[in-house]
Amino acid sequence: MSAVNDTKLKTVIFLLSGLPSHGDTHLWISIPFCFMYVISIIGNSVILFTVKRDPSLNEPMYIFISMLAVTDLGLSITTIPTILGIYLFNSREISLNACLAQLFFIHLLQCIESSVLLLMAFDRFIAIHNPLRYSTILTPPRIAKMGLVAVLRAMVIKLPLPFLLKRFQYCRANVLSHSYCLHQEVMKMACSDITVNSIYGLFTKLITMGLDSLLIFLSYVMILKTVLSIASYKESLRALNTCVSHFCTLLLFYTPEISLSLIHRFGEGSFPLFQILIGYISLLLPPMINPIVYSMKSKHLRVRIIRMFIK
């Protein structure tokens, strides 16, 4: 199938792609996707409701977990229409404006999530390095300001992306390799010079996820330095145990995201199935696994969730 591109009417239609299959198997493929979305929405909603309802959870760590849950909910809601639309209704077409809106929110929320993960690393460092001043350093007003800065940074950096893509003329077979729109894919569909977009896209990755991952690494270096200075072996393990859930979240977020960026820039056209699977993992797995990880590792949060359901 080829995409419809009417340059006179300025209408551009992109065709989204999914896992290679026949029409009869689309319904079966949609079942795991529906299951993942249900788990993501219910899990993150339960965490938000529990933290909001229970005053004992109004601590910095749980506030940051709530911020992560809000971001994960946003990512799930942003990708639901196109992914389930393909497998449930075989709806592959998406207009240019809808595509630009979706890619903006996907990149915006990923940038915010990267910032939240950095704030959570800072939270763990303060809790281990200076536990007596933990609640006085990370006060709710200060946390609110940090969250606002994270959102504003993402808005300023990601807002130019759809406008840079809007100015292009699209004259190729506009078939995207994912079930959703991404900047690095849409810009390659243009029949114009994409040098500015390519440089700006790389710049945004370096100034957001690149910088955040570097600062997170430095935070963990400082955490290890602090833990190694603790004389008691049990206290050291207890301090490191508080970082396990955050470390799992980091791996879930950064590993597929970095892999997908490398594939788009250096391995375009090779291993298309692997590229599609990594794309699904990067957007669907973290929102589903994060609430499970934090509910299982945080005893205080887990007890409050169980009590809420028992009541």
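Some points to look at:
- Sorted by Cβ neighbour density within 10 Å, fewest at the top, the residues 26, 246: 26, 246
- Helix 272-297 and the longest principal axis of the C-alpha atoms of the chain enclose an angle of approximately 20°.
- Radius 13 Å from Cβ of residue 159, net charge of other residues (Lys, Arg +1; Asp, Glu -1): +3
- When the listed pairs 234/297; 205/225; 166/188 are checked against a 21 Å cut-off, the alpha-carbon distance exceeds it for 205/225.
- Translational diffusion of the range 113-266, µm² s⁻¹ [Kirkwood Rh, Cα pairs; Stokes-Einstein; 37 °C; 0.692 mPa s]: 181 µm²/s
- Cα convex hull volume per residue for the chain (Å³): 151 Å³
- Once both labels are positioned 7 Å from their Cα atoms along Cα-to-Cβ, the gap between residue 202 and residue 247 label points is 3.3 nm.
- Over the chain, relative contact order from alpha-carbon pairs under 8 Å, at least 6 apart, %: 27 percent
- In degrees, nearest ten, helix 96-129 long axis to first principal axis of the chain (Cα): 20 degrees
- Relative to the longest principal axis of the Cα atoms of the chain, helix 195-205 runs at roughly 20 degrees.
- Taking one quarter of the surface of the convex hull spanned by the alpha-carbon atoms of the range 129-170 gives a direction-averaged projected area of 4.4 nm².
- Helices in the chain, meaning DSSP H runs of at least 4 residues, each add -39500 (n - 2.57). Divided by all residues, the mean residue ellipticity at 222 nm is -24500 deg cm²/dmol.
- Within the range 185-311, the ratio Rg/Rh, alpha carbon atoms throughout and Rh by Kirkwood, equals 1.11.
- Computed P(r) (all Cα pairs; the range 68-148; 5 Å bins; percent): 3, 13, 17, 17, 13, 10, 8, 7, 6, 4, 2, 0
- Relative intensity, log₁₀ I(q)/I(0), of the range 87-202 from a Debye sum that treats every alpha carbon as a point, q = 0.09, 0.10, 0.23 Å⁻¹: -0.38, -0.45, -1.26
Each reported figure results from applying straightforward, stated rules to the coordinates on display, with no laboratory input. Values in this document were obtained by computation on a predicted structure and should not be read as measured data. Positions of Cβ are generated from backbone atoms using ideal geometry, with glycine treated the same way; all protein chains shown enter the neighbour counts.
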